[in-house]
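Student: Quick one: structure below, then a few questions.
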Amino acid sequence: MNIKNSKTTQTQDDPGIGNPKIISKSFTYVEHFKEFSNYKNKEIIQLTPGSVQAEFLSIQVGDIFFVCNQVNQGIQFSGDGTKGCISFAIVWSENEKEYYSFRHPIKPKRTVFALNNIEADIIFPQGGTVTQISIPIQTFHTYADQLQRHDLDDNFRRKNHVNLPLTGIQEIKDYLKQVFWLAVHQPTWFQNPHIEKLITDDLVPLLISHIPIKLNSKSFLKPSRRAKLIAQAEQKMLAHLETPLTLKQLAENLGSSSRALSYGFQDLFGLSPMRYLKVQRLNAVRRHLKASDPESCTIAILASEFGFYSPCHFTRDYKTMFGELPSETLGKKA
């Protein structure tokens, strides 16, 4: 796990040395993230071609969870969260790459997102690293009341995104860097009986103190018309994974133009609309291959059900996308 040049030295797929509440995992399939996420009805789509190298690090301190996910390929993640917690998600990036949560552009040096923790909709077109802190709502409200921050109520959490001052988010990142460094290099430190209160007393007021008191239109991120259009286009595409669909048909169905869709998809996913549809279809075939019986599944027939009528072209595209042959995913030779 590489956060600000702090690299994990734990053994692959081993829990934190000497501390069962620290878990470190490495993956070569984005689907394996599902096993370690609290979100229900999860869906992960690989957007960019190539083999996946992903890492997961989780730290539990009392009722507070720190989770860091890192992946080298573009992904789209969605799912239903759990009630009772407020989350603060932060992207680790030295430059202003394109990241999105609920189709809002995320500024790595300013934006905290995923506050409501009810559901997730995240797009990292080029991969990246994100840290999520989950805090029980009651704990958060207790500290907010102590600091007389009565503005941080349910309405605040419904906004889901907030921009912090540059110095504020940097201070939070510096604190998280220390937490993850200790988890990697001194995991037993977290087992000291006073650590839970120490971290809670430090972290929660730190987060609250950097949330702007007078939240204005610049603090909260609002959805754009383009974001709504792309969301509608996605729904149409997902409904037509097994039937032909052209860009012109899609634009006409939405009362839009091909150019508007092309600009929107390129901005959000780094892909053209038809390339995005192809990526979704490839991911759909992959899910079916993983769930199929190798003795009864015919790859060419399955691929044709999702619009891949040339076995040769399909095999090439599949291997380019996922770094392995369809037959390897299925678990048998073609």
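Read-outs throughout are calculated quantities, based only on the coordinates presented, and are distinct from any laboratory measurement. Keep in mind that what you see is a predicted model, and the values were worked out from it rather than measured. Cβ sites come from the backbone with ideal geometry, for glycine too, and all protein chains shown count toward neighbours.
Student: Please work out, to two decimal places, the log10 of the ratio I(q)/I(0) at q = 0.09, 0.14, 0.15 Å⁻¹ from a Debye calculation in which every Cα of the chain carries one identical scatterer.
Tutor: So the normalised log intensities work out to -0.53, -1.16, -1.28.
Student: Using +1 on the beta carbon of Lys and Arg, -1 on that of Asp and Glu, and nothing else charged, what's the dipole of the chain about the Cα centre, debye to 20? Present the calculation step by step, with values, prior to reporting the outcome.
Tutor: Numbers: 39 positive and 32 negative charges, 206 e Å.
About 980 debye.
Student: I'd like the per residue volume of the convex hull spanned by the Cα atoms of region 22-209, given in cubic angstrom.
Tutor: Spread over its residues, the Cα hull of region 22-209 gives 113 Å³ apiece.
Student: Can you show me the helix-derived [θ] at 222 nm for the chain, built from DSSP H runs with n ≥ 4 at -39,500 (n - 2.57) apiece and divided by the number of residues, rounded to the nearest 500. Please report the intermediate quantities before stating the final value.
Tutor: On the way: 11 runs with 128 residues, N = 334.
Counting only the DSSP helices, I get -12000 deg cm²/dmol.
Student: Which length gain, in nm to one decimal place, applies between ARG316 and LYS159 when the Cα-Cα distance is subtracted from 0.36 nm times their residue separation?
Tutor: So the extension gain works out to 52.2 nm.
Student: Measure of size requested: the Rg and Dmax of region 225-330, with Cα atoms as the atom set and Å as the unit; please supply both.
Tutor: Using the Cα atoms of region 225-330, the pair Rg, Dmax is 15.0, 48 Å.
Student: My understanding is that a pair violates if its Cα-Cα distance is over 31 Å; which of LYS42/LYS278; LYS25/LYS109; LYS109/LYS248; LYS177/LYS236; LYS159/LYS248; LYS177/LYS228 do that in this structure? Could you put the intermediate results ahead of the total?
Tutor: On the way: LYS42/LYS278 20 Å; LYS25/LYS109 27 Å; LYS109/LYS248 38 Å; LYS177/LYS236 42 Å; LYS159/LYS248 35 Å; LYS177/LYS228 36 Å.
Listed pairs above 31 Å: LYS109/LYS248; LYS177/LYS236; LYS159/LYS248; LYS177/LYS228.
Student: I've got another one for you. Normalised by the number of residues in the chain, what is the relative contact order in percent for Cα pairs under 8 Å and 6+ residues apart? Show your work: numbers first, answer last.
Tutor: Details: 544 pairs, mean separation 52.0, N = 334.
16 percent.
Student: Amide H of ASP121 versus every other amide H placed in the peptide plane: which residues, excluding those fewer than 5 positions away on the same chain, fall under 5 Å?
Tutor: Counting only residues 5 or more places away or on other chains, the set is PHE102.
Student: Separate question: Around VAL61, which amide H atoms from residues at least 5 apart in sequence, or from another chain, sit under 5 Å from its own amide H, with H modelled in the peptide plane?
Tutor: PHE66
Student: What's the extension gain from GLN232 to SER304 if we count 0.36 nm per residue and subtract their Cα-Cα distance? Mind showing how you got there, number by number?
Tutor: Details: separation 72, 0.36 × 72 = 25.92 nm, distance 2.56 nm.
Here the answer is 23.4 nm.
Student: Still on this structure, please answer the following. Taking 0.36 nm per intervening residue step and subtracting the Cα-Cα distance, what contour gain separates SER272 from GLU119 on full extension? Spell out each step's value before the answer.
Tutor: On the way: separation 153, 0.36 × 153 = 55.08 nm, distance 2.62 nm.
Full extension of this stretch gives 52.5 nm more.
Student: Tell me, how many Å apart are the Cα centres for region 163-202 and for region 85-141?
Tutor: About 17 Å separates the Cα centre of region 163-202 from the one of region 85-141.
Student: Using only the alpha carbon atoms of region 102-210, find the Kirkwood hydrodynamic radius as the inverse mean reciprocal pair distance, in angstroms to one decimal.
Tutor: Working: mean 1/r = 0.0646 Å⁻¹.
One over the average 1/r among Cα pairs gives 15.5 Å for region 102-210.
Student: Looking only at SER87, SER58, SER256, which one moves most when the chain is put into a Gaussian network model with springs between Cα atoms under 10 Å?
Tutor: Highest fluctuation among the options: SER256.
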